[in-house]
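Chemist: Below you'll find the structure I mean.
The values are calculated or read from the model by the stated rules, or taken from the named source; none is laboratory data. On a predicted model such as this, the values are computed, not experimentally measured, just so you know. Here Cβ is always computed from backbone atoms with ideal geometry, including for glycine, and neighbour counts include all displayed protein chains.
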Amino acid sequence: MLFSTGTFWLFFPVVLALLAANRLTLRSVAVQNALLLAASYVFYGWWDWRFLGLIVVSTLIDYVAALGMERSGDSPARKRWLHLSVFANLAILGFFKYFGFFSEELRRGLTAAQIEANWTTLDIILPVGISFYTLQTLSYSIDVYYKRAPAERNLLRYATYVAFFPQLVAGPIERAKSLIPQFAVLAAPTWVSINQGVRLIIAGLFLKVVIADNLAPFVDRIWTAHATLGGGELLLGMLYFSIQIYADFAGYSSIAIGLAAMMGVRLSTNFATPFLASSISALWRGWNITLTLFFRDYVYAELRTTKRGGKRTESRIAFANIATFFVSGLWHGANWTFIVWGTAHGVLLVLERRWRAAVTLGEKAWLKLSGWVYTFGLFVVLSALFRSPDFGTAWTMYARSITEFGLPQGERFGLLFVALAFAMDALWRGQTRLDSGLRLAWLGRAGKEIAETLLFAAALILVLVNAATRQEASAFIYFQF
């Protein structure tokens, strides 16, 4: 069930109505959570009901493991419960996401060594959202182990935290200490949160339906014909894809946060103008923020310090950065292109850190502009790795961009949607918080309200027109991860 389909917009008002009925009559937190959990399972089961069992298993494993850690106190059993949680979750994720990849790589390696390897690899379907809710449940177990969060004793409340449908499939990845307490009370949406929620949903749909979905045909055409196109058009394809994936994913996050706000639940900001950043580190502080924070807190923080708590040397920090982005690349997909893409960003972060430590240039405007050109340019160029199915495709695009460089000869209408994305970020600042809004204070309070209403109305009209002209809604890109 996609956010951009009519089916969802029949489903969601029913959920809102049932929640409102509970607030007005029973006023029961348990009923509220039961409704949310049932709605979440219906939402997820709409794709394939068989995979609901995975969510239930993951939920029960971490629920039991956390209670086991709490009962164990500081005894060795506490760590064993953590190991159970980590192993079980990674085993499930590894089987569905990486079994085929690693078995095929092993077969190729044995064949290269002239060892017969004729086994048949399994064609395993990747369950939607498994990478996101697995990280969310892992963060819960680790936080309970380190006593950053208490173990949740109410199974219904914990299951609702794991499966909450607005952010179940592609985030934001929520920490237990921020989301579980919201399910311990009766959610009470206000007119302010509903109003902001509606605006976030419209903004997200605009990013997805108007910008990302209109850029998709240009990107697909360029990648399909990449071996025959000139360098200018290939670079244009990389630019189009960079904007497409940003609008697609930021759009999803905005809709998710808006849906939750209309139900009285507050989710974390997941994007904050990454394409206006003037450094690689700043870009990653604004891109898929909750995933970046997960890897920072649970991977980088562990790797940067020696086992005996020794000094964090520059070489250790460099290793931690590169290894973390290696893991991030692998998380994105079972393909060497993702691994190289992630590792390359880690190397860039290390080089940037060394550069800033050696040179002090201040905060001059021309430096910020040059930093933006460098940052955005590298992100665009590396996006060819992210989008390409194999190294051969990416290599051909890079090679032809240099050897066959020339002005693009094909359709350039896609630049309109690139401009729209940047205009939206510059005007709206790309915020997905409930207190966000257009930066139109210079119009005065009344003028700002009128201008915002007109702009969001125009955006909604464009969304409806674009949706009506397509036979079917396209899935969000990050669903494949």
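Chemist: Only one of Ala203, Ala212, Ala216 is part of a helix (DSSP H, G or I), surrounded by fewer than 21 Cβ atoms within 10 Å (Cβ to Cβ) and in the same structural domain as Ala250 (by TED's automatic domain parsing); which?
Modeler: Being part of a helix (DSSP H, G or I), surrounded by fewer than 21 Cβ atoms within 10 Å (Cβ to Cβ) and in the same structural domain as Ala250 (by TED's automatic domain parsing) holds for just one of Ala203, Ala212, Ala216, which is Ala216.
Quick grid of which residues meet (1) under 13 Å from the mean Cα position of the chain (by Cα); (2) assigned to a loop (DSSP other than H, G, I, E, B):
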{"position": "Leu126", "(1), (2)": "no, yes"}
{"position": "Ser131", "(1), (2)": "yes, no"}
{"position": "Gln136", "(1), (2)": "yes, no"}
{"position": "Ser139", "(1), (2)": "no, no"}
{"position": "Lys147", "(1), (2)": "no, yes"}
{"position": "Ala151", "(1), (2)": "no, yes"}
{"position": "Arg157", "(1), (2)": "no, no"}
{"position": "Tyr161", "(1), (2)": "no, no"}
{"position": "Ala170", "(1), (2)": "yes, yes"}
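Chemist: Now for a separate question. Quick one: how many residues across the stretch 176-186 are in contact (Cβ under 8 Å) with a residue 60 or more places away in the chain, surrounded by fewer than 20 Cβ atoms within 10 Å (Cβ to Cβ) and touching a helix residue (DSSP H, G or I) at 6+ places or on another chain (Cβ under 8 Å)? Walk me through it before giving the result.
Modeler: Restricting attention to the stretch 176-186, the residues satisfying the condition of being in contact (Cβ under 8 Å) with a residue 60 or more places away in the chain are 178-179, 182-186.
If we keep only those that are surrounded by fewer than 20 Cβ atoms within 10 Å (Cβ to Cβ) too, we end up with 178, 182, 184-186.
Checking which are touching a helix residue (DSSP H, G or I) at 6+ places or on another chain (Cβ under 8 Å) leaves us with 184-186.
Count: 3.
Chemist: From (1) at pLDDT 70 or above; (2) assigned to a helix (DSSP H, G or I); (3) in contact with a Leu (Cβ under 9 Å, 6 or more places away or on another chain), pick out the condition that doesn't hold for Lys448.
Modeler: Lys448 satisfies every listed condition except (1).
Chemist: So which of Ser315, Ser268, Ser328, Ser254 ends up being among the polar types (S, T, N, Q) and surrounded by fewer than 19 Cβ atoms within 10 Å (Cβ to Cβ)?
Modeler: On the way: Ser268 fails: surrounded by fewer than 19 Cβ atoms within 10 Å (Cβ to Cβ); Ser328 fails: surrounded by fewer than 19 Cβ atoms within 10 Å (Cβ to Cβ); Ser254 fails: surrounded by fewer than 19 Cβ atoms within 10 Å (Cβ to Cβ).
Criteria check complete, one pass: Ser315.
Chemist: Further question: Under 9 Å between Cβ atoms, at least 6 apart or on separate chains: pull out the pairs that start in the stretch 381-395 with a residue that is in a helix (DSSP H, G or I) and end on any residue that is surrounded by fewer than 13 Cβ atoms within 10 Å (Cβ to Cβ).
Modeler: Every condition considered, the pairs that remain are Thr393/Ala227.
Chemist: Also: Being in the same structural domain as Trp372 (by TED's automatic domain parsing) and assigned to a loop (DSSP other than H, G, I, E, B) is true for just one of Thr290, Thr343, Thr337, Thr269. Which residue is that?
Modeler: Answer to the selection: Thr269.
Chemist: Here is a further query. Condition check: assigned by TED's automatic domain parsing to the domain that holds Pro217, touching a residue at least 60 places away in the same chain (Cβ under 8 Å) and either crowded, with 22+ Cβ neighbours inside 10 Å or charged (D, E, K, R) (or both). Does Gly237 satisfy that?
Modeler: Yes; evaluated as a whole, the condition is true for this residue.
Chemist: Where residues in the stretch 1-54 are farther than 27 Å from Ala467 by Cβ and either of a type in the set (D, E, K, R) or part of a loop (DSSP other than H, G, I, E, B) (or both), which of them is nearest to the chain's Cα centre (by Cα)?
Modeler: Arg50
Chemist: If you take the residues in the stretch 393-436 that are of a type in the set (Gly, Ala, Ser) and either surrounded by fewer than 16 Cβ atoms within 10 Å (Cβ to Cβ) or at pLDDT below 75 (or both), which one is farthest from the chain's Cα centre (by Cα)?
Modeler: Checking each candidate, the answer is Gly406.
Chemist: For the stretch 146-155, indicate whether the set of residues that are aliphatic (A, V, I, L, M), closer than 19 Å to Tyr41 by Cβ and at pLDDT 90 or above is non-empty.
Modeler: yes
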